[in-house]
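The structure under discussion appears below in the form of structure tokens.
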Amino acid sequence: MTAPVERTVRVAAVQAEPVWNDLQGGVEKVISLLGDAGKEGANVVGFPEVFIPGYPWSMFTTSALDNGPFMDEYFHNSLAVDSDEMRRIQVAVKENGTFCVLGFSERYRGSLYISQVFINIDGQIVHHRRKTKPTHVERAYWGTGEGDSLKTVVDSPFGRIGGLNCWEHTQPLLRYYEYQQDVDIHVASWPAIWDRPESFGSKMPYWITSDINRKMSQAMAFEGACFVLVCTQVMSEENFNKNKVQDLEYVQGTGGGFSAIFGPGGEPIATMPSDKEGILYANVDVNDKLRAKQWLDVVGHYSRPDMLSLRVNTHPSKPVFFAEEPEK
């Protein structure tokens, strides 16, 4: 009789404050956090959404015209994939022997994208994807990912690693396609999002609270029978003015973090206070996914493809196509 072999992986979810609008400072902080995770023996490390150079909350508090100078600074401090800064991060990943999913604002020519890179233990970028649909006012500043960004899962020595940004987790079909890609460990990258103060009541929509967005990530763990690393930013009070959130009534005090690690039944494994910087760790057995799928496999025995199925187009659209030369 063959018994299942335990596949223990040490996972790490980063909850930290970005170095706001500072590319070089952001790179140094990523390298420092990778060093901390490496010393703790982490195999897989996840970072928040647009950790470099931080999530620009000013776009919600300031008109696009008045916010122009801030976003010009933001553009120049965003991270290009083909850059010396990215190569420094790749070296740090290799030195620490981790697999890393890094969330960053990508600068490509004249455009920005909400992006993730998947860097393997050899320091190689094995996948690069962009948020398929920026959320609400984000669409004023970032472009959309194309069909090639529907790939959200890659192989690693530690299992199949997936990743999505923020409200991509609200997209049922996108989540479903990730389950089809057989994800084991998923990195849920988020910005800082605050809880609704009791004094503010219903004036703050519940859908932009940390509570509901943490639950969205937890639901993905349950639906997909996978481990989920919720990785979030925090914002200290000293940076409220820089981010132009000082007048938002529901941003009260340091915080905005809601990092957590969930197991493949949706069970909480680790959490941390909303106002703390640090890294959550857990040792997990990847085979727990298979035990959970005995009960729920939404792309397997608990599906009905004869009645409901998903059509996927993974071809990237391009603004310019070159016609082939006619045969002579």
(request) Using a 10 angstrom cutoff on alpha carbons, build the Gaussian network for the chain and name the most mobile of GLN124, GLN294, GLN246. (result) GLN294
(request) Within the set of other residues whose C-beta is less than 13 Å from the C-beta of ALA292, count the net charge using Lys and Arg as +1 and Asp and Glu as -1. (result) -3
(message) Can you find, among VAL230, TYR108, GLY263, the residue sitting farthest towards the positive end of the charge dipole of segment 8-295, where Lys and Arg contribute +1 and Asp and Glu -1 at Cβ?
(response) GLY263
(request) Would you mind working out the accessible area per residue for the chain, using a 1.4 Å probe, and quoting it in Å²? (result) 48
(request) Specify the residue with the greatest mean-square fluctuation among ALA192, ALA37, ALA219, computed from a Gaussian network of the chain linking alpha-carbon atoms under 10 Å apart. (result) ALA219
(message) Compute, for segment 157-292, the length of the dipole vector about the Cα centre, with Cβ point charges of +1 (Lys, Arg) and -1 (Asp, Glu) only. Units Debye, rounded to 20.
(response) 180
(message) Just to confirm a number: summing +1 for Lys and Arg and -1 for Asp and Glu over residues other than GLY97 whose beta-carbon lies under 15 angstrom from that of GLY97, what do you get?
(response) -1
(request) Pick out which of ARG109, ARG129, ARG160 has the largest mean-square fluctuation in a Gaussian network model of the chain, springs linking Cα atoms closer than 10 Å. (result) ARG109
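What does DSSP give for the chain in terms of the percent of beta bridges that are antiparallel, rounded to the nearest 5? Please report the intermediate quantities before stating the final value.
Working: 33 of 55 bridges.
So the antiparallel bridges amount to about 60 percent of the total.
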(request) Please report the relative contact order for segment 205-293, taking Cα pairs under 8 Å with a sequence separation of at least 6, and give it as a percent rounded to a whole number. (result) 30
(message) So the label point goes 7 Å from the Cα of TYR302 along Cα→C-beta, right? Which residues of segment 146-173 then have their backbone N under 19 Å from it?
(response) 170-173
(message) Please give the charge dipole size of segment 27-111, origin at the Cα centre, charges +1 on K and R Cβ atoms and -1 on D and E Cβ atoms. Round to the nearest 20 debye.
(response) 220
(message) Please give the charge dipole size of the chain, origin at the Cα centre, charges +1 on K and R Cβ atoms and -1 on D and E Cβ atoms. Round to the nearest 20 debye.
(response) 600
(request) Multiply the residue gap between GLN181 and ASP211 by 0.36 nm, knock off their C-alpha separation, and tell me the result in nm, one decimal place. (result) 8.0 nm
(request) Give, in nm to one decimal, the length gained when the segment between ARG311 and TYR108 is fully stretched (0.36 nm per residue of separation minus the Cα-Cα distance). (result) 70.2 nm
(request) Give the residue from TRP167, PHE322, LEU290 lying farthest towards the positive end of the charge dipole for the chain; charges sit on Cβ (+1 for Lys and Arg, -1 for Asp and Glu) and the dipole is referred to the Cα centre. (result) LEU290
(request) Summarise the accessible area of the chain (1.4 Å probe, protein heavy atoms) by the percent that is carbon and sulfur. (result) 51
(message) For the ranges 54-62, 99-107, what's the packing order if you count other beta-carbon atoms within 10 Å of each residue, average per peptide, and put the highest first?
(response) 99-107, 54-62
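The values are calculated or read from the model by the stated rules, or taken from the named source; none is laboratory data. All values derive from a computational prediction rather than experimental measurement. Using ideal geometry, Cβ is built from the backbone for each residue, glycine included, and neighbour counts are taken over all protein chains shown. Please note that ligands, DNA and RNA were not included when accessible areas were found on the heavy atoms of the full protein model with its side chains. Shrake-Rupley method; radii C 1.70, N 1.55, O 1.52, S 1.80 Å.
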